[in-house]
Amino acid sequence: METENTPRRRAGRELTLRGGRTPFETKLINEGHATPEQYDQALKLSQEEGTPFIAALESIINNALPPDVTRYYKSLQLFELRVLYGIETLDPVIEADKFDPENVSALIDAIIPINTCKDCEMLPLAKTDTAVLVGMVSPDNFRHKNALMSAANKAGLTPTIRVITREDFLETLDAVVAYQVAKQKAIAGGSEIDEQVLEIQRDMFADDDELNEAADQENDLTKAVGENSAPIIKLVDQILVRALKDGVSDIHIEPQEKSLRVRFRKDGVLREMLSPDEKPLPKSIIPAVVSRFKIISNLDIAERRKPQDGKLKRMFQGRRVDFRVNTCPTQHGEKIVLRILDNSNTQLGLSRLITDPETLKIVQDMTRRPYGLILVTGPTGSGKTTTLYSALSEVNDPGVNISTAEDPVEYNLPGLAQCQVIREKGMDFATILRAFLRQDPDVILVGETRDLETAKTAIEAALTGHLVLTTLHTNDAPGAVAR
C-alpha cells in the first residue's frame with residue numbers, strides 16, 4: 001500500500017491516476033520513452049541522490065527526452081506546486097523577462113544579497129515603487145520567509161511571493177553569477193572572456209565526441225556541456241569530465257600570476273591537465289571558475305579570505321560520483337582542490353587493482369585470515385583508501401561484522417558500520433577503535449594510524465582475534481617500520 005512517503009506518491013501527489021500511475025508516467029510509457037521499471041528507478045535515483053527527475057530518467061534510459069515531453073512534465077510540476085502551496089507559479093519560458101540575468105542581478109544588488117538568495121533559494125524577479133516580486137522554491141519555510149521579510153523591509157518594499165522550481169532557481173542563479181563576473185571583467189578590460197573560454201574548450205576537447213554531443217543537465221556530467229550552457233559552466237563541467245575519464249584522484253585548480261593552472265593527480269603524481277601544445281587558461285577567467293566551483297559545492301561565494309570545505313555530487317555514465325572540495329586563499333586567488341570519491345572504484349575488487357597473479361593471491365589470502373594487521377602504505381593520492389575498500393568488498397558478506405573509523409567517510413558501502421572521526425567531540429581514531437572492540441567485530445578498518453595510541457590499540461585488536469586494516473603515510477612499504 002502506498003503512503004505519502006513513498007517515491008511514487010510524492011512524485012505524483014494529487015495527479016495519480018487509477019492503477020497508481022501519474023499522467024507523466026502514463027505518457028512516457030504509452031509513447032515508448034521509458035518502461036515502468038525505468039520510471040521507478042529514476043524516481044528512486046532522484047530521491048536518493050537529489051538529482052532532478054528528468055536528469056535521472058535520461059541517465060537511466062541513456063537518451064534525451066523530446067522537448068514536448070519535458071515541457072509536459074514542467075507544466076505538471078508547476079500545477080502540483082500551485083496545489084501544494086496555494087500560490088501562483090512562475091515559468092521562465094512564459095515570463096522570460098523576469099528571469100533575465102541582468103534584471104535579477106540588479107535586484108539582488110539592490111534588495112536581497114546573493115548569499116541570502118542562495119541560502120534561502122529565492123530570487124527577486126521584478127519591482128515596483130512599493131513592492132518586489134520574489135520567486136521562492138520553498139515558500140512555506142519559516143526561516144526563508146523571515147529572511148525575505150527582513151530584506152524587503154530594509155528596502156521599504158512589500159514582497160509578493162510566487163513559487164519557482166528548484167531547477168529554474170539554480171539555472172537562473174548560475175546565469176546571474178556568470179553575468180556579474182563577465183560584467184566585472186568587461187569593466188576591467190576583459191570583455192572577451194567568453195570567447196577566450198570557448199576557444200580554450202575547442203582546443204581542449206575537440207576530439208571528444210561524447211562531450212560535443214551532450215545536452216545540458218544540472219547533475220549529469222555526461223550531458224553537462226551542451227551549446228546552451230554558459231561558457232564557464234561548460235568549462236568547469238568539462239574539467240570534471242576529463243578528470244573522471246582519466247581516472248584521477250584529485251583535481252587542483254591553481255591561480256597563477258598570468259594564468260589558471262589545472263593539474264590532476266593520478267597514481268600519486270601531479271600532472272598538468274593541458275598538454276604543452278595547448279593554450280593556457282587565461283588569468284581573466286579565474287574569478288568566474290572559482291565562483292562556479294563554489295556555487296556547485298554550496299560554499300559562500302563572497303568569502304575569499306578564509307578556507308572553506310564543501311561537497312558536490314554529479315552523475316557520470318549512469319553512476320554517482322562525489323567530490324570533496326576545499327578552498328584556500330593564495331597570493332593570486334583562491335586555490336581549489338577536489339578529491340574524487342568514486343564508489344565504483346571500491347567495487348572493482350583486488351583483481352582489477354593487482355595485476356600480478358602471485359601478488360594477488362598473497363593479498364587475498366591475507367584478507368581471508370581471521371585475525372592480524374594489514375598495513376597499506378604510500379604517499380597521498382596513491383590509492384591506499386581504494387585498496388582498503390576493494391579488500392573490504394571481497395570479505396563483505398552477511399556473516400562478517402565490519403566496522404570502519406574514517407576521517408572523513410569517503411565512500412558509503414552497504415553492510416558496513418562506518419564511523420566519522422570528530423575530534424572536537426572526543427571521537428578520534430583511538431576512541432572509536434576501543435568502542436569497536438566492544439561490538440563483536442570481525443574486521444576493523446582504521447582510515448589512518450596517526451599516533452601511538454591508535455597504533456597500540458590496533459595491534460591489540462589484531463592480537464585478540466580481529467582482522468585490522470589501516471594505512472600509513474610513507475613513501476614505500478619498508479618506511480612503515482621506521483614510522
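Quote the FRET efficiency, to the nearest 0.05, computed for Arg319 versus Thr158 with a Förster distance R0 of 45 Å and r equal to the Cβ-Cβ distance.
E(calc), rounded to 0.05, equals 0.40.
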Computed ³J(HN,Hα) along the stretch 155-168: with the Karplus parameters 6.51/-1.76/1.60, θ = phi - 60°, integer Hz and x for glycine or proline, the list is 8, x, 10, 9, x, 10, 9, 10, 8, 10, 7, 5, 4, 5
What distance in nm lies between label points placed 7 Å from Cα along the C-beta direction at Lys306 and Val83?
4.5
Compute the label zone of Glu453 within the stretch 459-483: residues whose backbone N is under 18 Å from the point 7 Å along Cα-to-Cβ.
459-461
Could you list the GluC sites (Glu not before Pro) in the stretch 276-377 that lie in coil according to DSSP, counting only those with at most 16 other Cβ atoms within 10 Å of their Cβ?
Glu278, Glu303
Compute the signed sum of charges (Lys and Arg +1, Asp and Glu -1) over the other residues within less than 12 Å, Cβ to Cβ, of Val337.
+1
Computed E for Met366/Ala435 - FRET, C-beta separation, R0 22 angstrom, nearest 0.05:
0.30
Amide H contacts under 5 Å for Val468, placed H, 5+ residues apart
Gly372, Leu373, Ile374, Ile444
Which parts of the stretch 399-414 would a label at Glu424 reach, counting a residue when its backbone N lies under 20 Å from a point 7 Å out along Cα-to-Cβ?
406-410
Please list, ordered by chain and number, the residues whose modelled amide H lies under 5 Å from the amide H of Ala131; skip anything fewer than 5 residues away on the same chain.
Thr158
If you keep only loop residues by DSSP, which chymotrypsin sites (Phe, Trp or Tyr not before Pro) in the stretch 296-380 have at most 14 other Cβ atoms within 10 Å of their Cβ?
Tyr371
Local electrostatic count, Leu360, Cβ distance below 12 Å [Lys/Arg +1, Asp/Glu -1]:
-2
Can you work out the FRET efficiency for the pair Arg352 and Gln256, with r the C-beta to C-beta distance and R0 = 30 Å, to the nearest 0.05?
0.25
Between the alpha-carbon centers of the stretch 428-470 and the stretch 253-283, tell me the distance in whole angstrom.
40
For the stretch 318-323, in residue order, the Karplus 3J(HN,Hα) values (coefficients 6.51, -1.76, 1.60; θ = phi - 60°; whole Hz; Gly and Pro = x) are x, 10, 8, 10, 9, 10
From phi via Karplus (6.51, -1.76, 1.60), per-residue ³J(HN,Hα) for the stretch 139-144 in Hz, x at Gly/Pro
x, 8, 7, 4, 5, 5
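Among Lys245/Lys279; Lys44/Lys266; Lys258/Lys306; Lys154/Lys183; Lys118/Lys183; Lys98/Lys335, which pairs are too far apart, with a Cα-Cα distance over 28 Å?
Violating the 28 Å limit, Cα to Cα: Lys44/Lys266; Lys98/Lys335.
Values in this text are rule-based calculations from the coordinates and carry no lab data. Remember, predicted model here, so these are calculated numbers, not experimental data. Cβ coordinates were reconstructed from backbone atoms using ideal geometry, including for glycine residues, and neighbour counts include every protein chain displayed.
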